[in-house]
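**Student:** Here it is: the structure, laid out below.
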Amino acid sequence: MLFNSLDKLKRTMVMMIIFLLFAGLTMFVIPVSYIPILGKALGFFFVIFSILRILDFISSKKALANYIGLTLGLLVGFFGILLFAVDGLFFTLLNWLTGTLPILLGLVGLYHALTHARRSGRKGWWALIILNCLLLLFGTIVFINPWAYDPRAVLQVIGGTLFYSAVVYMICLLLIWPFRQQKE
């Protein structure tokens with residue numbers, strides 16, 4: 001039972017590490033002039049997704065789940081239109097999301113440190129508490145955003161925070177996952 005839940009946790013953490021590394025490194029190398037293009041592309045993707053949800057609803061049996069999917073599709077389409085219409089909305093949302101994500105990851109990491117890593121008896125499990133508290137601090141700093149007027153600095157701080165999140169999750173994965181099976 002414990003190994004099954006740890007295996008699921010391991011797969012989730014590996015996918016999160018890959019995503020955070022890719023997103024963090026992308027924020028370091030992307031030019032600031034490409035940010036509006038990314039916002040428009042995301043808006044276009046949301047509008048296409050909304051159209052697909054509407055077409056799926058038309059061909060469905062009209063159950064409650066289909067109505068919920070239609071509602072979500074319409075909200076996503078509205079959000080996609082907002083990304084097209086409002087300049088700077090993508091950059092603002094990127095900053096808020098990147099501030100919120102490390103806070104949530106820090107809270108989840110603290111939970112895993114106190115439940116799994118401490119129980120596994122590994123040496124240095126307490127380091128996860130320090131690393132996740134730093135992750136909470138970095139997320140709070142990004143969310144407050146004292147450098148909002150310099151887009152290059154914002155992208156570098158966002159990239160650094162996402163990269164640090166990936167490193168914390170790598171260390172957490174190493175301390176949580178039991179590499180050796182104990183013989184009975």
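The values are calculated or read from the model by the stated rules, or taken from the named source; none is laboratory data. Since the model is a prediction, treat every value here as computed from it, not as a measurement. Backbone-built Cβ (ideal geometry, glycine too); neighbour counts: all protein chains shown. With ligands, DNA and RNA removed, areas are computed over all heavy atoms of the protein, side chains included. Shrake-Rupley method; radii C 1.70, N 1.55, O 1.52, S 1.80 Å.
**Student:** Taking the condition of being of a type outside the set (S, T, N, Q), under 16 Å from the mean Cα position of the chain (by Cα) and under 25 Å from Leu82 (Cα atoms), how many residues in region 25-38 meet it?
**Tutor:** Qualifying residue count for the region: 1.
**Student:** Here are the criteria: (1) at pLDDT below 85; (2) more than 30 Å from Tyr34 (Cα to Cα). Tell me which single one Ala148 does not satisfy.
**Tutor:** With (1) at pLDDT below 85; (2) more than 30 Å from Tyr34 (Cα to Cα) applied to Ala148, the lone miss is (2).
**Student:** Starting from residues that are closer than 22 Å to Pro151 by Cβ and of a type in the set (Phe, Trp, Tyr), keep the ones in region 9-39 and report whichever is most open to solvent (accessible area, probe 1.4 Å).
**Tutor:** Only one residue tops the list, namely Phe22.
**Student:** Hey, another quick one. Conditions: (1) touching a residue at least 12 places away in the same chain (Cβ under 8 Å); (2) exposed (fewer than 13 other Cβ atoms within 10 Å of the Cβ). Thr71 meets all but one. Number of the miss?
**Tutor:** The single condition Thr71 does not satisfy is (1).
**Student:** Considering only residues that are farther than 21 Å from Thr100 by Cβ and small (Gly, Ala, Ser), look in region 118-143 and name the one that is surrounded by the most Cβ atoms within 10 Å (Cβ to Cβ).
**Tutor:** The qualifying residue surrounded by the most Cβ atoms within 10 Å (Cβ to Cβ) is Ala127.
**Student:** Can you name the residue in region 40-49 that is surrounded by 14 or more Cβ atoms within 10 Å (Cβ to Cβ) and among the aliphatic types (A, V, I, L, M) and, of all such residues, is farthest from the chain's Cα centre (by Cα)?
**Tutor:** Val47
**Student:** Another question, then. Could you say which residue among Leu114, Leu134, Leu82, Leu75 is hydrophobic (A, V, I, L, M, F, W, C), closer than 22 Å to Gly24 by Cα and out of contact with any Pro (no Cβ under 7 Å at 6 or more places or on another chain)?
**Tutor:** Leu134
**Student:** Would you call Leu83 buried (at least 17 other Cβ atoms within 10 Å of the Cβ) and not hydroxyl-bearing (Ser, Thr, Tyr)?
**Tutor:** In short, yes.
**Student:** Right, another one. So which pairs qualify, if the first residue must be in region 39-60 and within 9 Å of Leu83 (Cα to Cα), the second must be open to solvent by 80 Å² or more (accessible area, probe 1.4 Å) and of a type in the set (Asp, Glu), the Cβ gap must be under 9 Å, and the two must be at least 6 apart or on different chains?
**Tutor:** Gly39/Asp87
**Student:** Pro146 versus (1) surrounded by fewer than 21 Cβ atoms within 10 Å (Cβ to Cβ); (2) part of a helix (DSSP H, G or I): which is the lone unmet condition?
**Tutor:** So the condition that Pro146 fails would be (2).
**Student:** Please give the number of the condition Gly159 fails out of (1) over 20 Å from Val108 (Cβ atoms); (2) at pLDDT 85 or above; (3) surrounded by fewer than 16 Cβ atoms within 10 Å (Cβ to Cβ).
**Tutor:** Of the numbered conditions (1) over 20 Å from Val108 (Cβ atoms); (2) at pLDDT 85 or above; (3) surrounded by fewer than 16 Cβ atoms within 10 Å (Cβ to Cβ), the odd one out for Gly159 is (3).
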